[in-house]
Amino acid sequence: MAVQRTFSIIKPDATERNLTGAVNAVIEKAGLRIIGQRRIQMTQAQAERFYGVHSERPFFGELVAFMTSGPVVVQVLEGENAVAAYREVMGATNPAEAADGTIRKLFAKSIGENTVHGSDSEENAAIEIEQFFTEADIAG
Ligand code: GDP
């Protein structure tokens, strides 16, 4: 297994409930290192670009509205097999289907307001990290 980077977002439903530290504790307990982190208010343009792959889906408008409804915490995570490792600790998209102990099982409110984003491939991780970080903001 190789050391990889992945991109994470702690979503507005979590920042609104003051859960940044609680989510980060689960991330770190899973062996992932938070090597870049910034709290931002996402603009509509940033959210539309970030979720562009979902632009034809019926929930796209709702998703963009949600992601711009409050602050988010964008993160770069590093660890062994980080892309898959983080997807596992996040849990299923729908919290009702998420495994015990996963972030979404612990904290998510619904299939839309589901607390975290994590990249689905190493290629997408690199693209997503580049949208929000320069190398100067990352220290591994
Ligand atoms: P993920 O990779 O597990 O985040 O899931 P997807 O890539 O399928 O979807 C991206 C995001 O869109 C999810 O994390 C949710 O925030 C949102 N989403 C997915 N399905 C739905 C849905 O049926 N309704 C709403 N409102 N949002 C959804």
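The values are calculated or read from the model by the stated rules, or taken from the named source; none is laboratory data. Just so it is clear, the model here is predicted, and its values are computed rather than measured. Here the Cβ positions follow ideal geometry from the backbone for every residue, glycine too, while neighbour counts run over all protein chains shown.
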Tell me yes or no: at least one residue of the stretch 89-111 is near the ligand (Cβ under 10 Å from one of its atoms), hydrophobic (A, V, I, L, M, F, W, C), closer than 17 Å to Thr20 by Cβ and touching a helix residue (DSSP H, G or I) at 6+ places or on another chain (Cβ under 6 Å). yes
Is it the case, given these coordinates, that Met1 is in a loop (DSSP other than H, G, I, E, B), within 16 Å of the ligand (Cβ to nearest atom) and either crowded, with 18+ Cβ neighbours inside 10 Å or at pLDDT below 95 (or both)? no
Close pairs (8 angstrom Cβ cut-off, 6 or more residues apart or separate chains): free of Cβ contacts under 8 Å to residues at least 60 places away in the same chain in the stretch 106-130, within 14 Å of the ligand (Cβ to nearest atom) and of a type in the set (Lys, Arg) anywhere: Asp120/Arg87
Pick out the one residue from Ser69, Ser55, Ser121 that is among the small types (Gly, Ala, Ser) and closer than 27 Å to Met1 by Cβ. Ser121
Considering each of Val73, Val53, Val83 in turn, give the residue that is β-branched (Val, Ile, Thr), buried (at least 17 other Cβ atoms within 10 Å of the Cβ) and either free of Cβ contacts under 8 Å to residues at least 12 places away in the same chain or in a helix (DSSP H, G or I) (or both). Val83
